[in-house]
1. Is it true that some residue in segment 74-90 is in contact (Cβ under 8 Å) with a residue 40 or more places away in the chain, within 16 Å of Glu166 (Cα to Cα) and not hydrophobic (A, V, I, L, M, F, W, C)?
2. Could you tell me which of the residues Lys54, Lys14 is among the basic types (Lys, Arg) and within 21 Å of Val172 (Cβ to Cβ)?
3. Are any of the residues in segment 162-170 modelled with pLDDT of 95 or more and within 24 Å of Glu81 (Cα to Cα)?
4. Count, please, the residues in segment 128-148 that happen to be over 22 Å from the mean Cα position of the chain (by Cα) and of a type in the set (Asp, Glu).
5. Test each condition in (1) under 15 Å from the mean Cα position of the chain (by Cα); (2) outside any helix (DSSP H, G or I) for Arg92 and report the one that comes out false.
6. Under the condition of being hydrophobic (A, V, I, L, M, F, W, C), over 26 Å from the mean Cα position of the chain (by Cα) and surrounded by fewer than 14 Cβ atoms within 10 Å (Cβ to Cβ), which residue from segment 1-43 is nearest to Ala103 (Cα to Cα)?
7. Pairs only if they're at least six apart or on different chains, beta carbon under 7 angstrom, first in segment 107-126 and under 9 Å from Ile59 (Cβ atoms) and in contact (Cβ under 8 Å) with a residue 12 or more places away in the chain, second buried (at least 16 other Cβ atoms within 10 Å of the Cβ) and of a type in the set (Asp, Glu); list them, first residue then second.
Amino acid sequence: MASATERRADRRLKIIDAAVEVLADRGFHQARISDIAQKAGVADGTIYLYFQNKEDLLISIFEEKMELLLTNLKRALQDVERPQEQIACFARFHFEQVQSNPAVAAVLQVELRLSNKFLKEYRPKKLWEYLEVFAQIVRKGQEEGIFRQDIDPFTAMWSFFGALDELAMQWVLTKPSRRFSLPVSAEQVAAIFTGGLRHQPQENTVEVL
């Protein structure tokens, strides 16, 4: 028999999952707490036992899903050794999550940006941890002499995420019948970044007198 703590955790997760569906379908501003409560099968007041308001619920969705993304990303990378392959694995993983969880992608890519609290007050530590995985890949490549030493890992990780984020946004906002291939995009993004990071062989030059 589940304990009170386990039942509370299960109910909280049930509310979060219901909120994802409602927010993806109706949008942040149009969705009501009562809609989410109905979808979760709980009373309206129950929502406020777990979350202060709709913005708090939205940020909780972000934290919950980012924690899951971070755990699964590390698992996906654990058997990949070469930094170049790790970058490709990261890109494929990110886009696989977008494609297999379109409702979550819609909330994180679109609705989250409509929250003033998230944009102005919240410090997304889980996102930074997610990006730091890429920075660590860059550092590893630099230590092994594969990647250029003049590339700042901080700049690299935000540039990489910017590419993934913008493509994911465009995919979410595009009608399903006209969506581009995320698997193809993953390979292309990986190629662009590994090509830019990799040491280029020195060309033999002949001095012309």
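1. no
2. On the way: Lys14 fails: within 21 Å of Val172 (Cβ to Cβ).
After applying the criteria, what remains is Lys54.
3. Yes, segment 162-170 contains at least one residue that is modelled with pLDDT of 95 or more and within 24 Å of Glu81 (Cα to Cα).
4. 2
5. Looking at each condition in turn, Arg92 falls short on (2).
6. Ranking the candidates gives Ala43 first.
7. If the second residue must be buried (at least 16 other Cβ atoms within 10 Å of the Cβ) and of a type in the set (Asp, Glu), the pairs left are Ser115/Glu55; Lys117/Glu55.
The values are calculated or read from the model by the stated rules, or taken from the named source; none is laboratory data. Only a predicted model underlies this, so the values are computations on that prediction, with no experimental measurement involved. All Cβ positions, even for glycine, are placed from backbone atoms using ideal geometry, and neighbour counts span all protein chains on display.
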